[in-house]
Amino acid sequence: MIRLIKENIDRQSKAVLLLFMLLKEEFSLLMNKDPQGVTGVEMVIQELMRQIASERMSLRGLVQKIDPAAKRIKDILPALADEHKEKVEDLLAIMDTREQECAVQATKNQQLAQALLDQSSSMLDFLHREITPKTNNVYSARGRFQNVAPPATLINGRM
């Protein structure tokens, strides 16, 4: 059972490392403004996240086979033999470090994507303002020139 837990944690650790590499790739694609590339990498990231979640659920099942009251791997660590305990703790520490790196990179990606969105929105607003006619003396929707009647004025004079 301990061997299965170690293998599961090792797979998760490798998956998180792959996730970090994919996030770095996504960042470079965002920097190069390649939306099709970003979309492809994002789909792979989402599938990898689904697989990591599946592995976590599998690990929870393994942990609960050892101790039905345990909800996390750290709940069963005191019950493990010293050599197994050290190995599991080392694997968990490596995975935790990699998860922190992924979180930092994901934040960078999110900030860059948001900045690109804001930049594009500002550019579209600017272009829209520039092409909007400044005066009302323009062609109508039917293609005719609109004659805007002068505003009513008060007639003042002698008769």
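The values are calculated or read from the model by the stated rules, or taken from the named source; none is laboratory data. These numbers come from a predicted model, not from an experiment. Positions of Cβ are generated from backbone atoms using ideal geometry, with glycine treated the same way; all protein chains shown enter the neighbour counts. These area figures cover heavy atoms from the full protein model, side chains too; ligands, DNA and RNA do not enter into them. Shrake-Rupley method; radii C 1.70, N 1.55, O 1.52, S 1.80 Å.
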> Could you give every pair whose Cβ atoms fall below 6 Å, whose first residue belongs to segment 59-76 and is under 14 Å from residue 2 (Cα atoms), and whose second residue is of a type in the set (Gly, Ala, Ser) and in a helix (DSSP H, G or I), counting only separations of at least 6 or pairs across chains?
Replying inline: none
> Any idea which of 96, 125 is in a helix (DSSP H, G or I), at pLDDT below 90 and at negative phi?
Replying inline: 125
>> Can you find a residue that is closer than 23 Å to residue 12 by Cα, open to solvent by 80 Å² or more (accessible area, probe 1.4 Å) and acidic (Asp, Glu) anywhere in segment 78-85?
In response: yes
>> Suppose we keep only residues that are within 13 Å of the chain's Cα centre (by Cα) and surrounded by 12 or more Cβ atoms within 10 Å (Cβ to Cβ) within segment 105-132. Which one would you say is nearest to residue 52 (Cα to Cα)?
In response: 106
> Can you name the number of the only condition in (1) in a helix (DSSP H, G or I); (2) open to solvent by 70 Å² or more (accessible area, probe 1.4 Å) that residue 71 fails?
Replying inline: (1)
>> Which pairs turn up if I take residues in segment 8-31 that are open to solvent by 20 Å² or more (accessible area, probe 1.4 Å) and look for partners that are of a type in the set (Lys, Arg) with beta carbon separation below 9 Å, at least 6 apart in sequence or on another chain?
In response: 17/98; 20/98; 27/108
> When the residues of segment 32-55 are filtered to those that are within 17 Å of residue 98 (Cβ to Cβ) and within 14 Å of the chain's Cα centre (by Cα), which remaining residue is surrounded by the fewest Cβ atoms within 10 Å (Cβ to Cβ)?
Replying inline: 49
